[in-house]
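All remarks here apply to the structure that follows.
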Amino acid sequence: MVSKYEEMIDIKKLPRHIAVIMDGNGRWASQKLMPRTMGHKAGMQALKRTVEACAEIKIPILSVYAFSTENWKRPAEEVNYLMQLLVEYIEKEINELHKNNIKIKITGDYSTLPRVCISSINNAIEKTGNNTGMIFNIALNYGSRKEILRVVQQIAAQVKSGKASPDTIDENLINSLLYTGDIPDPDLLIRTAGEMRLSNFMLWQIAYTELFFTQCMWPDFNREVLMNAIWSYQQRERRFGGLK
């Protein structure tokens, strides 16, 4: 059954790049008197639904904030479960993702993750590397401030070595050195669970991104909420700092 928002959206004016801050797994579980890990497991099902829906309507790029640099502060048991769930998700879904021509991209420094995670991620990247459909960009061990710091350090090294000079530093150079340098900035950012903050996610990239906040907890996120967000995006006039 097609939702009312899906009937209302203009399929010719879809956002090229949707980014999602998947929030509320723990609260969803707590409300149901379940352990937080069950919230994360349910969240994986929501992710599967979202990837399928975005690919079906031909959204070119979907980015999701899966694990931040700050998430290491969580209890070790929860972090270990998240790493286990990551591997489980990739191994379970990779064949379907590949079949649907979806390309896996990683934003963040995943080299510090457990070896089993690194191996699983590398296999997924290699297997889907030549796919030409939707780019599924997963932010892992990612923090925007660290990303920007990394870029500053790279530029400083270029200046020191003579490969660049202060007057050649511009937005294009910075963009090219970001993890997301090979994809356009998000057009629409969705955050679930009622929180209205960015949580150190793509601070440079979302300068002109349209924001959509929903009370829906991530495990409950579905096609209807996604279409609502896209419909809301299409009602807005994007000026990019100009008058029209």
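Key figures
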quantity	calculated
Stretchable slack from K160 to S3, in nm (0.36 nm times residue separation minus alpha-carbon distance)	50.9 nm
Estimated FRET transfer efficiency (S119, I169; beta-carbon r; R0 35 Å; 0.05)	0.40
Simple spin-label estimate for N95 and E78 in nanometres, 7 Å along Cα-Cβ	3.4 nm
Reach of K32 by Cα under 17 Å, taken over lysines that are not fewer than 8 positions away in the same chain	K41
Nonlocal amide H pairs with R74, under 5 Å, H built at 1.01 Å	none
Additional length obtainable on full extension of the chain from E224 to F240, 0.36 nm per residue less Cα span	3.0 nm
Spacing of the two label points (7 Å from each Cα toward its C-beta) at E70 and E126, in nm	3.6 nm
Nonlocal amide H pairs with I135, under 5 Å, H built at 1.01 Å	I61, L62, K103
Average Cα contact separation per residue, the chain, under 8 Å, 6 or more apart, as relative contact order %	30 percent
Mean Cβ neighbour count within 10 Å, used as a protection proxy, ranking 154-167, 69-82 highest first	69-82, 154-167
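Laboratory data are not the source of any read-out in this text; all were calculated from the coordinates shown. These numbers come from a predicted model, not from an experiment. FYI the Cβ positions are ideal-geometry reconstructions off the backbone, even for glycines, and counts take in every protein chain you see.
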